[in-house]
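The values are calculated or read from the model by the stated rules, or taken from the named source; none is laboratory data. Please read all numbers here as calculations on a predicted model, not as lab measurements. All Cβ positions, even for glycine, are placed from backbone atoms using ideal geometry, and neighbour counts span all protein chains on display.
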Amino acid sequence: MKKVWKNVIAMSLALTAGIYLSSCSEKEEEIITDPQTQAKLSATASNSSESLSNARVTVGAFTVSQLTVGTQDVEMKYYAKADLSAGISLGNLTLKTILNAGLQNSASAKKSNVLISGGESKFSLIGEGNTPEGNYTEATFRLYKNTAANANDPMSQKSILIAGEIDGKITQFWTESEKVIRAASSTSTGVEVDQNTEIVLVFEMDKLFAGVDFSSALDSNNDGRIEISPNSPDGNAAIFSKIESNLETAVSLRKR
Ligand SMILES: [Ca+2]
């Protein structure tokens, strides 16, 4: 009997040591060796691929007065500054993933961001903190369905809410999708992050609404409002799924 207990104790010691060792090596992998700087990640909306100006947002027949987007779980990829300085060509460089840095941790919190208000685009801070210096080529994030807001909040149980007018009729688009969206830089060299850089996720409204015929949007239940949403009482299912699928290509990564 005593021998059995000795074996059990020996085994659990070995297990504990094993867990301890493996958690150590995981931690070592998460240490960032590249020099770091302070940076911000924010989001905004634009009605063209060019400007980031605070212009009124009208795309096709849809005049947008409000856009709110929920974000969480941000992951960014970059080329380290030291590698770039060494003159290695981009094709031979390894894209690094940030595993544990202040900026990414802060930006990963669940948050609903107001990107258009009163018809004008706004910058909404998603997160800030330390992050490796380098050239950032992409950021992925997961849409966040706001489950924390109380039932009277328009964002309650929604990840994206767009409000505005089509032909003078009050119109609302919303989704509860929590899909992952990849925002890529338009240039192969990416966004250069050095001192106090602000990286921006830009929701390009022309791309979000590409191929959508808003003149076909209906108010089938005649309540004076056009609703484009999951199981909408107005129908509009084709417009809804087109906007949802456009989401995957509508967000780009830029420098403010
Ligand atoms: Ca309606």
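Which of the numbered conditions does Ala55 fail, given that it passes all the others? Conditions: (1) in contact with an Asp or Glu (Cβ under 8 Å, 6 or more places away or on another chain); (2) at pLDDT 60 or above; (3) aliphatic (A, V, I, L, M).
Condition (2) is where Ala55 drops out.
Which one of Thr131, Thr140 is under 21 Å from Thr37 (Cβ atoms) and either outside any strand (DSSP E or B) or at pLDDT 95 or above (or both)? Can you show your working first?
On the way: Thr140 fails: under 21 Å from Thr37 (Cβ atoms).
Sole residue among the options that is under 21 Å from Thr37 (Cβ atoms) and either outside any strand (DSSP E or B) or at pLDDT 95 or above (or both): Thr131.
Yes/no per residue for (1) closer than 30 Å to Ile228 by Cα; (2) modelled with pLDDT of 95 or more:
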residue: Val64; (1), (2): yes, no
residue: Leu67; (1), (2): yes, yes
residue: Met76; (1), (2): no, yes
residue: Lys81; (1), (2): no, no
residue: Asn92; (1), (2): no, no
residue: Lys96; (1), (2): no, no
residue: Ala107; (1), (2): yes, yes
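Being assigned to a strand (DSSP E or B) and within 16 Å of the ligand (Cβ to nearest atom), is that true of even one residue in the range 178-193?
Quick first cut of the range 178-193, residues assigned to a strand (DSSP E or B) only: 180-185, 191-193.
Of the ones still in play, those that are also within 16 Å of the ligand (Cβ to nearest atom) are none.
For the range 178-193, residues assigned to a strand (DSSP E or B) and within 16 Å of the ligand (Cβ to nearest atom): absent.
Taking only the range 151-179 into account, find how many residues are more than 14 Å from Glu227 (Cβ to Cβ) and basic (Lys, Arg).
Within the range 151-179, residues that are more than 14 Å from Glu227 (Cβ to Cβ) and basic (Lys, Arg) number 1.
Identify all residues within the range 206-230 that are part of a loop (DSSP other than H, G, I, E, B), surrounded by fewer than 18 Cβ atoms within 10 Å (Cβ to Cβ) and away from the ligand (no atom under 13 Å from the Cβ); write none if there are none.
Within the range 206-230, the subset part of a loop (DSSP other than H, G, I, E, B) is 209-213, 217-224, 229-230.
Imposing the further condition that a residue be surrounded by fewer than 18 Cβ atoms within 10 Å (Cβ to Cβ) reduces the set to 210-211, 213, 218, 220-224, 229-230.
Once the filter is applied, which keeps residues that are part of a loop (DSSP other than H, G, I, E, B), surrounded by fewer than 18 Cβ atoms within 10 Å (Cβ to Cβ) and away from the ligand (no atom under 13 Å from the Cβ), the range 206-230 yields Ala210, Gly211, Asp213, Pro230.
Among what's in the range 231-253 and is farther than 30 Å from Thr37 by Cα and in a loop (DSSP other than H, G, I, E, B), pick the residue that is nearest to the ligand (Cβ to nearest atom).
To start, the set of residues in the range 231-253 that are farther than 30 Å from Thr37 by Cα comprises 231-247.
Next, only the ones that are in a loop (DSSP other than H, G, I, E, B) stay: 231-236.
Numbers: Asn231: 13, Ser232: 8, Pro233: 6, Asp234: 4, Gly235: 9, Asn236: 9 Å.
The selected residue is Asp234.
Just name the residue that is farthest from the chain's Cα centre (by Cα) out of those in the range 143-177 that are in a loop (DSSP other than H, G, I, E, B) and crowded, with 19+ Cβ neighbours inside 10 Å. Spell out how you get there, then give the answer.
Quick first cut of the range 143-177, residues in a loop (DSSP other than H, G, I, E, B) only: 144-159, 167-168, 176-177.
Restricting the remaining residues to those that are crowded, with 19+ Cβ neighbours inside 10 Å gives 144-146, 155, 158-159.
Numbers: Tyr144: 9, Lys145: 12, Asn146: 14, Met155: 17, Lys158: 15, Ser159: 11 Å.
Checked the range 143-177; the qualifying residue farthest from the chain's Cα centre (by Cα) is Met155.
If Ile199 passes every condition in (1) surrounded by fewer than 21 Cβ atoms within 10 Å (Cβ to Cβ); (2) more than 16 Å from the ligand (Cβ to nearest atom); (3) farther than 17 Å from Ile162 by Cα but one, which one does it miss?
Every listed condition holds for Ile199 apart from (1).
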